[in-house]
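**Student:** If you scroll down you'll find the structure; I have some questions about it.
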Amino acid sequence: MASTHAHMVMVRAFAPGKCILFGEHAVVYGHPAVAVAIDSGVEVELTESESWTIDGKSFDAARHPHISHILYDVFGYDGAPLQIGIRSGLFSAAGLGSSAALSNAMGAAVQALMRPGEAIDSVELARIGHAAEAKAQAGRASPADTATSALGGCVVVSGEPVDGARHVFDAELETPEGRREWSVCKVDLPENLDAWLVLGFTGIGSPTGDMVAGVASLLQRDPSKYADMDAIAKITQAGLTALGAGNLEAVGMAMDACHERLQSLEVSSPELDALVEVVRPHSLGAKLTGAGGGGCMVALTQDPQRVAEEIEIAGGTPLISRLGAEGVRLLEGK
Ligand code: MEV
C-alpha cells in the first residue's frame, strides 16, 4: 500500500486469469477439472477521493453490480468516495475467467483498504467470487475460475477424491440439478516445464451462463451424453497424472481427447475447431477452454511463437502464457 498524500490512500491489486486444461462443463456436475493461473489478468486501483469515479467517469453503482456487490454487500464499505481504476489484460466473455479475476482483484483491494496491514485472504476471495459467479450463471457455477485466480498455480476442483492433490478448501452450491460439493486442491507442477500455453481468442464473446444452460438442456434431451461427462472425468484424471509427472506428450493427447468430448457436448464452434486444427501440427495438444461457444482455445506447445502466428493468420488473437502464474496479490504503489 502507498499513500501519495496524507489523506489520499491508494491500493492496487492484481488477479490472474485462468485457463482450464481439463474438465470444463463436467466440473459443474461434480467431476474434476484442472486449471492453471495465466500471466495476464486484471488490475484494480482504488484511491480515496472527493467523488466516486470509475475509469475517469462518474460511478453509478447500478451500472456496475459486480463491483458494488463486493464494496457494499460483502465488505460493507462506508469509507471515503473512491476513484476506481480497472485495467484488464484478458479478453472478456472468452473463457479466461475475467469476471473471476475482476472479483478477486477488487476484493483484494477493498480488503487492503478496510484492513490495512493484514495479509489478503485468498480463500475468502475465492468464496466471494464463487457466490457472485453462481448468481451470474443461474445457480450453475463451479468454484474453478475464482479459486484458480485466487490461489494461483495449478488448481484441481472436484466432487470426487483426486490422487496427488493438496486440499485447500471446500465449496458447495445449491444448483437447479441438486446440491453440489467440491473440494478445491492445489497441485505442484514440475519446475521448469518446457512448454507454454498459447490461447487463441475467436473474437466471439460467449456468456458462460448460456453455455452451461445449453449443456443442461442437452443432457435432459439426450441422457446418452452423460457418457461424454464420464469420459471427460477419466481424461482429466489421466491428464493430471501426466502433468504431475511432466509427461507433456501425454498431457497434449489428453487435451486432444477432451476437445472431442466437448465437441460431442455441442460446446465447440466452427471458429474454435478451425483454430484447434491450425495449431495441431505445432502443438502437443489443443482444445477449446472454458465455456466454449466462442471464446478461446488453448494449445500446449514448445514453439509458442509459431503457434501464435498460426492463430493470427487464421483470424484469431493469440496470448502466450506460462503454466501456473501466481494468484491474487497486492501491488506496490505507482
Ligand atoms: C467456465 O470457465 C467453466 C465452466 O465449467 C463453468 C463453471 O465451471 O462454472 C464451463
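The values are calculated or read from the model by the stated rules, or taken from the named source; none is laboratory data. It should be emphasised that the depicted structure is a prediction, and the values quoted were computed from it without experimental measurement. Ideal geometry is used to build each Cβ from the backbone, glycine not excepted, and the neighbour counts take in all protein chains shown. Surface areas here come from the heavy atoms of the whole protein model, side chains and all, with no ligands, DNA or RNA. Shrake-Rupley method; radii C 1.70, N 1.55, O 1.52, S 1.80 Å.
**Student:** Leu46: out of contact with any Cys (no Cβ under 9 Å at 6 or more places or on another chain) and open to solvent by less than 10 Å² (accessible area, probe 1.4 Å), yes or no?
**Tutor:** So Leu46 passes the test.
**Student:** Would you point out which residue out of Gly41, Gly23, Gly85 is within 23 Å of Ala119 (Cα to Cα), within 16 Å of the ligand (Cβ to nearest atom) and assigned by TED's automatic domain parsing to the domain that holds Ala112?
**Tutor:** Going through Gly41, Gly23, Gly85 in turn, just one is within 23 Å of Ala119 (Cα to Cα), within 16 Å of the ligand (Cβ to nearest atom) and assigned by TED's automatic domain parsing to the domain that holds Ala112: Gly41.
**Student:** Right, something else. In the set Gly295, Gly290, which member is within 16 Å of the ligand (Cβ to nearest atom), under 23 Å from Tyr226 (Cα atoms) and open to solvent by less than 10 Å² (accessible area, probe 1.4 Å)?
**Tutor:** Gly290
**Student:** Follow-up question, since we're still on this one. If the requirement is being of a type in the set (D, E, K, R), outside the structural domain of Ser92 (by TED's automatic domain parsing) and in contact (Cβ under 8 Å) with a residue 60 or more places away in the chain, which of these qualifies: Glu266, Glu277, Glu271?
**Tutor:** Of Glu266, Glu277, Glu271, the one residue that is of a type in the set (D, E, K, R), outside the structural domain of Ser92 (by TED's automatic domain parsing) and in contact (Cβ under 8 Å) with a residue 60 or more places away in the chain is Glu271.
**Student:** Taking only pairs six or more apart or across chains, which ones have beta-carbon atoms under 7 Å, a first residue in the range 114-141 that is in the same structural domain as His66 (by TED's automatic domain parsing) and under 27 Å from Thr47 (Cβ atoms), and a second residue that is open to solvent by 70 Å² or more (accessible area, probe 1.4 Å) and at pLDDT 90 or above?
**Tutor:** These pairs meet every condition: Ile120/Leu330.
**Student:** Related question: Does the range 195-225 hold any residues that are more than 16 Å from the ligand (Cβ to nearest atom), under 26 Å from Ala274 (Cα atoms) and open to solvent by 30 Å² or more (accessible area, probe 1.4 Å), and which are they?
**Tutor:** Matches in the range 195-225: Trp196, Gly203.
**Student:** Being part of a helix (DSSP H, G or I) and open to solvent by 20 Å² or more (accessible area, probe 1.4 Å) is the filter; apply it to the range 305-334 and report the residue that is farthest from Gly17 (Cα to Cα).
**Tutor:** Among those residues, the one meeting the criterion is Ile313.
**Student:** Quick one: Ala112 ticks every box in (1) within 15 Å of the ligand (Cβ to nearest atom); (2) in contact with an Asp or Glu (Cβ under 9 Å, 6 or more places away or on another chain); (3) more than 30 Å from Val251 (Cα to Cα) bar one, so which box is it?
**Tutor:** Only one criterion in (1) within 15 Å of the ligand (Cβ to nearest atom); (2) in contact with an Asp or Glu (Cβ under 9 Å, 6 or more places away or on another chain); (3) more than 30 Å from Val251 (Cα to Cα) is unmet by Ala112, namely (1).
**Student:** Please go through (1) away from the ligand (no atom under 12 Å from the Cβ); (2) open to solvent by 30 Å² or more (accessible area, probe 1.4 Å) for Tyr29 and return the number of the only condition it doesn't satisfy.
**Tutor:** Failed condition: (1).
**Student:** Looking only at the range 251-275, how many residues end up being surrounded by fewer than 24 Cβ atoms within 10 Å (Cβ to Cβ) and either polar (S, T, N, Q) or away from the ligand (no atom under 16 Å from the Cβ) (or both)?
**Tutor:** Adding up the residues that qualify gives 13.
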